[in-house]
Amino acid sequence: MLILFQQLLNALALGGAYSLVALGLTLVYGVMKIPNFAHGSLYMVGAYVTWALLTDFGVPYFLALGLAAVALGLLAMLLERLVFYPLRGSPGVSPMIAAIGVLFFLEACVQLIWGPDFKLLNSPVTGIITFAGLSLTGQRLLMIVASVLVMLALFYFLKRTTTGATIEAMAQNREGARLVGIPVGRVASLTFFISGALAAVAAALYAPTSLVSPSMGEIMNLKVFAIIVLGGMGSVPGAIVGAFLLAFAEIFGGVFVGANFADVVGFAVLVIVLAIRPQGLFGRTA
Amino acid sequence: MLEVRDLSVRYGVYTALHGINLQVKPGEIVVLLGANGAGKSSLFRTLSGLQRPSQGEATYDGQLLTLGRPERCVNLGVAQCPEGRLLFSQLSVEKNLRLGGYTHRRDAAGNQAELERIYQLFPVLAEKRSDPAGSLSGGQQQMVAIGRALMARPKLLLLDEPSLGLAPLVVDQVFDAVVRVNEAGVSVLLAEQNAFAALGIAHRAYVLEGGRVTIEGSRDELLHDDRVRSAYLGV
């Protein structure tokens with residue numbers, strides 16, 4: 001019984017990290033209607049930027065997290081301006097191919113700068129909290145708390161501010177948004193900024209519990225695409241529910257089936273959900 | 001005052017508008033009659049900056065509208081309530097209306113006052129203010145769309161087919177509201193297929209056929225024009 005509670009906490013931590021990455025992806029999909037296959041690489045670059053700030057520049061962890069978020073936000077905005085904006089009138093598959101190109105490009109850049117070796121990102125948040133026989137590393141506790149706080153801030157922004165409302169408005173009716181005078185180009189930039197920043201925050205939180213490598217972006221890509229397909233493409237609540245569902249499936253799959261099959265269980269859940277509900281949990285049939 | 005001069009719009013090889021000329025003077029309700037595909041929506045899209053003309057121009061109070069920048073048109077006082085409404089269907093009625101006031105977002109008090117005026121114009125929207133816009137009936141959605149356009153505090157309201165798909169009683173309500181908006185000083189360019197109802201509230205009208213203005217005149221001239229009577233009024 002104790003081990004289940006223990007794994008529950010681990011799943012919450014993992015789900016929090018998945019949520020942040022998936023939220024950025026689903027927001028961009030909602031607003032731009034393009035699946036950004038380069039999203040995982042933003043996460044990966046975010047981990048490297050955090051790592052470099054910590055080890056090469058000796059920046060304190062939380063400052064490094066904030067700086068990485070801003071840096072990746074700007075990188076994502078640049079990506080939108082340089083790659084997706086020029087392709088806005090082209091047929092659907094072109095931006096997807098371009099995004100995959102960006103994925104490989106960023107991965108190659110990171111290999112060139114930091115090499116192909118795995119890096120260990122040391123978080124200063126150490127220590128283990130023990131309560132009623134359950135133990136949780138400080139970093140996992142931080143992952144849970146920080147991801148919930150970031151999600152609450154994002155919800156407040158989307159639901160309670162005018163600028164946030166423009167993102168939802170543009171996702172629901174782009175032409176209607178243009179007619180009321182919303183500058184859709186600026187909203188697109190802002191949405192990309194948010195997606196990059198969220199990916200970097202997730203990376204800075206999650207990387208200390210695993211390893212940093214150039215290929216980590218591809219693995220995350222696969223998972224967050226599974227998550228937003230599961231939740232319904234473009235749906236914000238769907239991304240969060242999907243993220244926790246995948247995290248729980250992976251962690252408990254690891255417990256009951258065996259650690260080597262954790263990923264298999266996660267994707268099995270995806271296949272089953274899509275067989276029953278092809279539009280995803282929160283998706284609407286077009 | 002809206003002035004459209006020699007305006008042509010092309011989509012690839014297809015020409016939707018061939019050198020249109022028209023005016024809407026301050027305080028007027030001008031009706032644009034025409035069948036599907038006559039070019040009404042192309043004209044409206046162009047006047048709102050969603051579509052660039054291939055030739056000619058449109059100005060409002062001397063300022064160019066046809067630069068392909070919708071936010072500029074809204075800022076100049078030209079707001080559109082589009083065909084098909086184009087609402088933010090999952091957002092609440094009130095949020096839809098508030099987003100209509102986006103260009104005045106620094107003037108919260110003014111937006112609040114405008115919102116109250118729209119709730120007076122369409123009391124049913126005040127009751128449904130928290131409901132998702134997409135859950136409303138067709139007529140109520142049309143009211144949200146008109147209200148959203150009015151939140152921009154336009155001097156000229158472009159209304160594209162507001163009666164489309166609505167029950168006759170609801171059409172009357174919508175047209176009543178248009179008259180009241182006009183009486184408050186907003187000029188209106190109204191595209192309609194429902195010629196009889198539209199001419200009932202119009203000061204002047206244009207008939208658009210195959211992308212060209214074929215007939216223009218005062219309301220009474222058009223009501224007594226044989227071509228209009230046979231083609232649009234069915235008499």
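Taken together, the values in this text are just the output of simple stated rules run on the coordinates, not laboratory data. Bear in mind the structure is a predicted one, so any value in this text is a computation, not a measurement. Because the Cβ atoms are built from the backbone with ideal geometry, glycine has one as well, and the counts that use them run over all protein chains shown.
Here is how the numbers come out for the structure above:
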| read-out | value |
| --- | --- |
| Taking chain B and dividing mean pair separation by its residue count, relative contact order in percent (alpha carbons under 8 Å, at least six apart) | 27 |
| Unsatisfied cross-links (Cα-Cα over 21 Å) in the set A:K33/B:K128; B:K40/B:K95; B:K40/B:K128; A:K159/B:K128 | A:K33/B:K128; B:K40/B:K95; B:K40/B:K128 |
| Residues B:L136, A:L14, sorted so that the one with the fewest Cβ neighbours within 10 Å comes first | B:L136, A:L14 |
| 10 Å-binned pair-distance histogram of chain A (Cα, whole percent) | 7, 28, 36, 22, 6, 1 |
| Top of A:V28, A:V236, A:V255 by mean-square fluctuation, Gaussian network on chain A, Cα under 10 Å | A:V255 |
| GNM flexibility winner over chain A from A:L152, A:L198, A:L179 (Cα, springs under 10 Å) | A:L179 |
| Cα gyration tensor shape of the range A:184-286, rounded if a/c is under 1.5, else prolate or oblate by comparing a/b with b/c | oblate |
| Sorted by Cβ neighbour density within 10 Å, fewest at the top, the residues A:T50, A:T209 | A:T209, A:T50 |
| Relative contact order [Cα under 8 Å, 6+ residues apart], the range A:19-214, whole percent | 45 |
| Prolate/oblate/rounded call for the protein assembly as shown, Cα gyration tensor, a/c under 1.5 rounded | prolate |
| Sorted by Cβ neighbour density within 10 Å, fewest at the top, the residues A:I219, A:I34, B:I29 | A:I219, A:I34, B:I29 |
| With eigenvalues of the C-alpha gyration tensor scaled by 5 and rooted, chain B, Å | 28, 21, 16 |
